[in-house]
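In what follows, a structure is listed as structure tokens, so that the remarks can point back to it.
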Amino acid sequence: MEEKEFRRILGKAKKGDTKAFRRLMEAYYAFVERVVGRLVLRREDAEEAVQDTFVKMWRGLASFDESQRFTTWLYRIAVNTSLDLLRREHRRIEPYEPHEKGMIDLSGADAPLLRDEAWQLYRRLAASLTPRQREVFVLRDLEGLSPDEVVRITGMTSDQVKSNLYHARKKMREKIISHERKEYL
Amino acid sequence: MKEKNICETIEPLIYLWVGGELTEEERQRVRAHVAECEHCRRLYEEARESRERVRKAGESPPPATDKTKVIEGVMNIVEAEKESRSPAGNLLRVIRGLASAAAVALLALFLYQTLWTGRGRLPRNIVRQEKTPSTEWEQLKKYRTLFGDNETAAGIVPFEKILAKGSKTPTSSNENE
């Protein structure tokens with residue numbers, strides 16, 4: 001969606017136009033689905049979190065300040081909604097027991113199957129992180145946001161973001177190494 | 001500072017170095033230490049490789065959600081909320097509010113009738129009939145102070161006299177008569 005068209009639709013949606021809101025939702029569905037899916041890790045939870053995110057987006061649209069980036073605002077809603085769901089449900093994911101060895105090549109003929117295996121690997125690794133560690137890891141390492149953007153979205157201080165990143169990366173490295181050691185013994 | 005202590009200080013910085021979160025000064029410090037320390041160089045390689053590995057895995061798309069179902073679910077909520085915000089919705093809300101207030105008032109009235117008065121919703125004439133013996137009993141008590149128990153028990157004094165006497169306050173002069 002072009003910037004001019006986006007501004008026009010956003011303006012209408014802010015005034016309560018449900019058709020314009022629906023167009024916005026369809027345009028940002030994949031974005032929200034991706035962010036939420038990486039945080040909550042399960043399909044059924046993702047559906048609930050995506051729905052809640054868009055309902056909150058509708059409720060907050062009228063007061064959305066257009067001088068700030070729309071995606072930053074939407075990231076914040078999606079992340080907070082996902083964390084609320086994780087805290088509420090105390091979801092438990094199976095421990096890390098991947099069958100893959102080494103780096104995964106996602107460009108070959110078996111790409112769909114490998115993509116699913118890659119997702120399962122990520123899912124199990126991410127499940128070992130606390131919600132806060134997972135939040136900063138997803139925003140910084142997967143979404144590729146700048147440290148300042150991560151601070152704005154999460155509401156953490158710069159030091160808290162760094163601390164959570166350190167613990168997340170350390171935990172994941174240790175999980176991968178301990179698994180590989182077991183395989184070679 | 002001992003070598004082990006330096007490595008402990010450098011370790012968190014290595015994990016941030018691989019993600020590019022260090023200041024220039026911190027980066028130089030870590031780079032200088034890693035060039036000399038075999039342990040930290042190995043840690044750096046492992047941290048970099050594991051981060052890349054998780055990033056590759058995490059970049060694969062999560063399982064798709066049911067887009068149509070989710071969007072319809074959101075639109076149902078959105079339409080319902082918009083309806084409740086419209087002028088017709090406001091009027092409906094006012095009517096609902098008034099109906100609720102009336103229901104509360106009726107409930108309060110019913111509770112007052114049943115609990116406070118203890119008579120429920122009895123007809124007024126029944127309530128009055130209950131009051132009468134109580135009034136007569138009071139008059140009879142006054143009469144006893146004026147005429148004594150014997151006359152009352154024998155039924156000598158007519159009821160009209162009791163009422164007439166009962167309206168006066170008994171005094172010592174009356175007793176002398």
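The set of residues in segment A:66-83 that are touching a helix residue (DSSP H, G or I) at 6+ places or on another chain (Cβ under 8 Å) and of a type in the set (D, E, K, R) comprises A:66, A:76. When segment B:16-42 is filtered for residues that are crowded, with 20+ Cβ neighbours inside 10 Å and away from chain A (no Cβ under 14 Å), only B:34 remains.
Taking the conditions (1) surrounded by 19 or more Cβ atoms within 10 Å (Cβ to Cβ); (2) more than 53 Å from the chain's Cα centre (by Cα); (3) at the interface with chain A (Cβ under 9 Å from one of its Cβ atoms) in turn, residue B:13 satisfies each one other than (2). If I filter segment A:124-138 for residues that are at pLDDT below 90, surrounded by 12 or more Cβ atoms within 10 Å (Cβ to Cβ) and either among the aromatic types (Phe, Trp, Tyr) or on the phi < 0 side of the Ramachandran plot (or both), do I get at least one hit? Yes: one or more hits.
Taking segment A:13-29 as the range and being at the interface with chain B (Cβ under 9 Å from one of its Cβ atoms) and over 12 Å from residue A:74 (Cα atoms) as the test, the residues that pass are A:16, A:18, A:21, A:22, A:26. Looking across B:53, B:85, one residue alone is of a type in the set (D, E, K, R), crowded, with 20+ Cβ neighbours inside 10 Å, within 10 Å of chain A (Cβ to nearest Cβ) and closer than 30 Å to residue A:31 by Cα. It is B:53. For the criterion of being surrounded by 15 or more Cβ atoms within 10 Å (Cβ to Cβ), more than 7 Å from chain A (Cβ to nearest Cβ), of a type outside the set (S, T, N, Q) and farther than 30 Å from residue A:179 by Cβ, residue B:72 fails.
The values are calculated or read from the model by the stated rules, or taken from the named source; none is laboratory data. It should be emphasised that the depicted structure is a prediction, and the values quoted were computed from it without experimental measurement. In this analysis, Cβ positions are derived from the backbone assuming ideal geometry, glycine residues included, and neighbour counts consider all displayed protein chains.
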